[in-house]
Amino acid sequence: MYSKKECVAMLLAGGQGSRLYALTTKMAKPAVPYGGKYRIIDFPLSNCVNSGIDTVGVLTQYQPLVLNDYIGNGQPWDLDRLYGGVHILPPYQTALGAQWYKGTANAIYQNISFIEDYKPEYVLVLSGDHIYKMDYSKMLAFHKKKGADATIAVLEVPKDEASRFGIMSVDAEERIDAFEEKPKEPKSNLASMGIYIFTWAKLKQYLIDDEADPESSKDFGKNIIPAMLAAGEKMYAYAFQGYWKDVGTIDSLWEANMDLLNPNVPLDLMDEDWKIYSRNPVKPPHYVSAQAKVENSMITEGCEVYGNIDFSILFAGVEVEEGAVVRDSIIMPNSKIKRGAVVEYAIVGEGCVIGENAVVGARPESISNKDEWGVAVTGPGVAVPDGGVVRPKQMVSAEF
Amino acid sequence: MNMSNVLGLIFANMHDSTIYEITKARTMGSIPFAARYRLIDFPLSNMVNSGISEVGVITKHNYQSLLDHLGSGREWDLSRKVGGLHILPPFGNASSGIYGGKLDALNGVLDFIRFSKAEYVVMSDCDVVANMDLRPILDAHIESGAEITAVYARDAFRMEQTRSATVFAVNEENKVYDVLITPELSGECSVSLNTYIVNKKFLEAVTVYGVSRNKVSFERDVLQGMLRDIYINAYRYDGYYCRIDCMKSYYDANLSLLEPDVRKKLFLPHNAIYTKVRDRAPTRYGLDAVAKNSLLADGCEIEGTVENSIIFRGVRVKRGATVRNSIVMQDTVIGSKCDVSCAILDKDVMVSDFRSLVGSSLYPVFVAKGAVV
């Protein structure tokens, strides 16, 4: 038990998430709050634990402080283990010099010795950008049954959206015969979910070869996968069915949160058999006052609600004063919505104060020019003054 | 004051009989309270927040729920190499049975007390809910030079409403000169908050002395019995607290948390009350949900109406159901079109559709754990 692990997970958490703008200026994308009490990284971490994978390397690079603090010793996910557990892996200096992670493949390359410590047969490569519940042990069983060198999890996407993804073509045996990154004219609708299982001995060789290639951009999607495919390695597509959402943009982050309020969306956070774990903020229960009106919403510990909440998600420690209205919005931890303020179709970052009678965002039907409409965003720590206005689609950061 | 010099002792089973309906299958310390806590969370968090890092929890029977709740003590930051949480079930040996009173219980854990390097012991029961800083009390204790400091509050005491209380008579020099146990009194009294600071050496000596003379009660045999021989200092606590000594007071204490002022005094941001983490999703309110003046924990699904109530983790209130002036504990399900008013529903209760449960605020209906109505 203490000499090897069958499968080690490597979680790529160094991404900036630049299309989340103000929300990721001070934290990496996997640390972005989601769903009332989670951060995005809770999903892959909880999936690992629930799938029986107890050794996870988290590769960090961009703004890691929030993430480091959040993951800590891994205890909230039951990943504080004597052997294995969660390890944060930033780039480090070696006798040959120091370098940043130059790409997803290079990040794994630089941690070959971490992986080798566990002598795994398989390596699961994950990203910290997606919201989904998935049993990786089933994918691993598939990988073993097929005797594959690489298995890529795929999801059927609508044909017209396929050009946004890495698209696989497969034969009748689910063996991948072609892979195209963001094709203009997609040949299939099987999109890569950014979840890979590799037979470690194979992957290691490809990582070493790729590192030696000065032309390579050291990326799984652009280099490793095409190289393995070109060499005729046994690569299979593992079809995933269920909810999966990339939360890389403001709109998709907003939608993925709103999906939790839709009873028809198959992402059940209440499922006791596949819990999503998170670091608990230690707050009292939430209070809803006699004047408050709360419908179709999710509210968590530490909130004090005196206003009207509809189709919204309140994170821990949010206060909504009397007469304030929050609709179709996401209010991140410890923010305060003051008396008379109206917040609609907005994402309010952590620790914001929305002043009295301020207006943040607007309903789409209230704007005649649809190009001017979008989700309004206030970055972490923004104070919108009393009577202030944040227009739809506007994004304000701390200097507001 | 260096609080590493202080050992905490919590008595989880004291006062069980005052609220026997809820303690039928649990200890006083593991009674659910305030939507997501257990009563022991309050004395335990107070000790931790005051800097005490070595705590023994003395228990007697029905302690499975308590063990499950406390685990390694990690959630209170008491999973330590040095000190930390020690659960002390009755340490019976061939010649002695299960303990009778608090003094007897102390005798059972005497080796644990002796082993500690602390000079002072803070002893607390689980019947008082407060966010109490123990540091000024310890300072006052040391300054007084007393053997024991007893914490009390001025309280409008009414005999007919209590099943157990210790009342002190205190002079101008904060010295206790009389101790009454559940007396026939009314009006404002100095009621014990069952929190004591005792010099450890004295506690060890008095335990051995008492037990060798078949004395088992700390209150009767030490506070009352030795009153003339020792110095008992009184410390008046003026912060917010509630004493739970019967069903009515349990009910009132829970509902008092609907006052914003009470929550502010009990849930201080810098002195959090810790509890076991359950990893439930946030509470979801449905399309026709109505929630008014209520306190709710995580993991609930509210589709009906909730008013003036305390709703614990994982409760489901189905469409068309109404819950008013009630306490609903973990994972209880209220069926659709039910009418629940002035009730205390223990854990895992299932109220079938269309049922009606109506109590009175003076005598709330109680439904036992796991019952199907």
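The values are calculated or read from the model by the stated rules, or taken from the named source; none is laboratory data. Note that the coordinates shown come from a computational prediction; the quantities given were computed from them, not determined experimentally. Please note: Cβ atoms are built from the backbone with ideal geometry, for glycine as well, and neighbour counts cover all protein chains shown. The accessibility values were calculated without ligands, DNA or RNA, using every heavy atom of the protein model including side chains. Shrake-Rupley method; radii C 1.70, N 1.55, O 1.52, S 1.80 Å.
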For the protein assembly as shown the translational diffusion coefficient, Stokes-Einstein from a Kirkwood Rh over Cα pairs at 10 °C and viscosity 1.306 mPa s, in µm²/s, is roughly 55
Is there a quick way to get the dipole size of the range A:90-242? I mean about its Cα centre, with the Cβ of Lys and Arg at +1 and of Asp and Glu at -1; what is the value in debye to the nearest 20? 300
For A:W373, net neighbour charge (Lys/Arg +1, Asp/Glu -1) across residues whose Cβ lies under 14 Å away: -2
How large is the charge dipole for the protein assembly as shown, taken about the Cα centre, if only the Cβ atoms of Lys, Arg (+1) and Asp, Glu (-1) carry charge, to the nearest 20 debye? 900
Low-density loop positions, GluC sites (Glu not before Pro), the range A:205-256 - DSSP coil, at most 11 other Cβ in 10 Å: A:E215
Amide hydrogen neighbours beyond the local backbone of B:A291, cut-off 5 Å, H modeled: A:V294, B:V306
Interatomic Cα distance distribution for the range B:251-292, bins of 5 angstrom, percent: 5, 15, 15, 19, 26, 16, 4, 0
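In debye, nearest 20, what is the charge dipole magnitude of chain A about its Cα centre with +1 on Lys and Arg Cβ and -1 on Asp and Glu Cβ, if you could check? Could you put the intermediate results ahead of the total?
Working: 39 positive and 53 negative charges, 88 e Å.
Once rounded to the nearest 20, the dipole reads 420 debye.
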Take the Cα radius of gyration of the range A:1-138 and divide it by 2.2 N^0.38 Å, with N its residue count; two decimals is plenty. 1.02
If one takes the longest principal axis of the Cα atoms in chain A, at what angle in degrees, from 0 to 90 and to the nearest 10, does the Cα axis of helix A:136-146 lie? 30
I need the Kirkwood Rh of the range A:259-358: take the reciprocal of the average 1/r across all distinct C-alpha pairs and report it in angstrom. 13.8
Within chain B, longest stretch free of exposed chymotrypsin sites (Phe, Trp or Tyr not before Pro) [DSSP loop, at most 15 other beta carbons within 10 Å]: B:21-230
Nearest 10 degrees, 0 to 90: what angle lies between the long axis of helix A:250-259 and the longest principal axis of chain A (Cα atoms)? 80
Give me a comma-separated list of calculated 3J(HN,Hα) values for the range A:27-39, in order, Karplus coefficients 6.51, -1.76, 1.60 applied at θ = phi - 60°, integers in Hz, x for any Gly or Pro. 8, 6, 4, x, 8, 5, x, 8, x, x, 9, 10, 10
With viscosity set to 1.567 mPa s and temperature to 4 °C, compute the Stokes-Einstein D of the range A:240-287, Rh being the Kirkwood radius across alpha carbon pairs; µm²/s, no decimals. 99
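The range B:27-125: which GluC sites (Glu not before Pro) are DSSP loop and have at most 13 other beta-carbon atoms within 10 angstrom?
Working: sites: B:E54, B:E75, B:E119; in loops: B:E119.
Within the range B:27-125, the qualifying GluC sites (Glu not before Pro) (loop, at most 13 other Cβ atoms within 10 Å) are B:E119.
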Solvent-accessible area buried by A and B, counting both chains, probe 1.4 angstrom, square angstrom: 2900
Stick to Cα atoms and the Kirkwood definition of Rh, then tell me Rg/Rh for chain A. 1.00
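Holding the Cα-Cα limit at 26 Å, pick out from A:K5/B:K276; A:K182/A:K245; A:K338/B:K318 the pairs that are longer than that. Could you put the intermediate results ahead of the total?
Details: A:K5/B:K276 31 Å; A:K182/A:K245 17 Å; A:K338/B:K318 32 Å.
Table pairs above 26 Å Cα-Cα are A:K5/B:K276; A:K338/B:K318.
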Ellipticity estimate at 222 nm from DSSP helix runs (n ≥ 4, -39,500 (n - 2.57)) divided over chain B, nearest 500: -5000 deg cm²/dmol
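Can you pull out the GluC sites (Glu not before Pro) in the range A:318-349 whose DSSP state is coil and whose Cβ has at most 16 other Cβ atoms within 10 Å? Walk me through the numbers on the way to the answer.
Working: sites: A:E319, A:E321, A:E322, A:E344; in loops: A:E321, A:E322.
Counting only loop positions with at most 16 other Cβ atoms within 10 Å, the GluC sites (Glu not before Pro) in the range A:318-349 are A:E322.
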Can you work out ³J(HN,Hα) from phi for every residue in the range A:101-107, in order, using Karplus 6.51 cos²θ - 1.76 cosθ + 1.60 and θ = phi - 60°, giving whole Hz and x for Gly and Pro? 5, 8, x, 4, 5, 5, 4
Would you calculate the volume per residue, in Å³, of the smallest convex hull containing every Cα atom of the range A:276-333? 74
Output wanted: per-residue J couplings in Hz (rounded whole) for the range B:319-326, from phi through Karplus 6.51 cos²θ - 1.76 cosθ + 1.60, θ = phi - 60°, x for Gly and Pro. 3, x, 7, 10, 10, 10, 6, 10
Cα extents of the range B:100-194 along the three principal axes, largest first (Å): 43, 33, 27
Note on the range B:223-373: the mean projected area of its alpha-carbon convex hull, in nm², is 11.8
For the range B:293-373, I need the span (max minus min coordinate) of the C-alpha atoms along each principal axis, in Å, sorted largest to smallest. 29, 25, 23
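Counting pairs of Cα atoms in the range A:133-209, how many percent are more than 15 Å apart?
Roughly 59 percent, rounded to a whole number.
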For the range A:202-245, report the accessible area per residue in Å² (1.4 Å probe, heavy atoms, rounded to an integer). 48
Percent of Cα-Cα distances greater than 34 Å, calculated over chain B: 28
Let me check the size of the range A:137-269 from its C-alpha atoms; what are the radius of gyration and Dmax in Å? 16.1, 50
Rounded to the nearest 10 degrees, the helix A:200-212 long axis (Cα) sits at an angle to the longest Cα principal axis of chain A of 80
Rounded to the angstrom and largest first, Cα extents along the principal axes for the range A:309-377 equal 35, 19, 18
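Quick one: pull the percent of accessible area on the range B:1-152 belonging to carbon and sulfur, 1.4 Å probe, ligands and nucleic acids left out. Display every interim value, and only then the final one.
On the way: 2690 of 5440 Å².
In the range B:1-152, the share of accessible area belonging to carbon and sulfur is 49 percent.
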